Amino acid sequence: MIQPQLIVSPAWLAEHLEDPNIVIVDCRFSLANPQLGQQQYQESHIPGAFYLDLDQDLSSPIQKHGGRHPLPNPEKLSKKLSEIGITSRQTLVVAY
């Protein structure tokens, strides 16, 4: 079993790219240009990484209270995470 760390090195990640228990998530986002993260992902990303958009996937719609990026609906987030292989079983997530 892999011992989780809060921060991993590029070398560690390179050694574990094929590990089925690791899901890599690209979360790049720019407040000035909300499409930039998706564009950068399409141009280049870590092999096997999935892209999650801050506005579409990781936040709820803006309402009167809750800030610019309110916490996402738990059911919607759970469904999205399951779609990319993040489940309640032993899955390590590397996000950048």
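Exactly one residue out of LEU81, LEU77, LEU36, LEU71 is among the hydrophobic types (A, V, I, L, M, F, W, C) and at pLDDT below 90: that is LEU71. Looking only at residues in the stretch 30-44 that are assigned to a loop (DSSP other than H, G, I, E, B) and among the polar types (S, T, N, Q), the one that is farthest from HIS69 (Cα to Cα) is SER44. For the stretch 12-35, a tally of residues being aliphatic (A, V, I, L, M) and either more than 16 Å from the chain's Cα centre (by Cα) or exposed (fewer than 13 other Cβ atoms within 10 Å of the Cβ) (or both) returns 3. Every condition in (1) in a loop (DSSP other than H, G, I, E, B); (2) of a type outside the set (S, T, N, Q); (3) at pLDDT 90 or above holds for VAL8 except the one numbered (3). Screening TYR51 on (1) of a type outside the set (A, V, I, L, M, F, W, C); (2) modelled with pLDDT of 85 or more; (3) more than 16 Å from the chain's Cα centre (by Cα) shows it passes everything except condition (3). Residues in the stretch 46-74 that are farther than 30 Å from GLU18 by Cβ and among the β-branched types (Val, Ile, Thr): ILE62 alone.
Within the stretch 45-64, is even one residue part of a helix (DSSP H, G or I) and either of a type outside the set (Asp, Glu) or buried (at least 17 other Cβ atoms within 10 Å of the Cβ) (or both)? Scanning the stretch 45-64, I find no residue that is part of a helix (DSSP H, G or I) and either of a type outside the set (Asp, Glu) or buried (at least 17 other Cβ atoms within 10 Å of the Cβ) (or both), so the answer is no. Somewhere in the stretch 77-95, is a residue out of contact with any Leu (no Cβ under 7 Å at 6 or more places or on another chain), over 29 Å from TRP12 (Cβ atoms) and surrounded by 11 or more Cβ atoms within 10 Å (Cβ to Cβ)? Looking through the stretch 77-95, none of the residues is out of contact with any Leu (no Cβ under 7 Å at 6 or more places or on another chain), over 29 Å from TRP12 (Cβ atoms) and surrounded by 11 or more Cβ atoms within 10 Å (Cβ to Cβ).
Matching residues to (1) touching a helix residue (DSSP H, G or I) at 6+ places or on another chain (Cβ under 8 Å); (2) farther than 22 Å from SER9 by Cβ; (3) among the hydroxyl-bearing types (Ser, Thr, Tyr):
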| position | (1), (2), (3) |
| --- | --- |
| ILE22 | no, no, no |
| ALA32 | no, yes, no |
| GLY37 | no, yes, no |
| TYR41 | no, no, yes |
| SER44 | no, no, yes |
| ALA49 | yes, no, no |
| ASP55 | no, yes, no |
| GLN63 | no, yes, no |
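The values are calculated or read from the model by the stated rules, or taken from the named source; none is laboratory data. What you see is a predicted model, and the numbers here were worked out from it, not measured in a lab. All Cβ positions, even for glycine, are placed from backbone atoms using ideal geometry, and neighbour counts span all protein chains on display.
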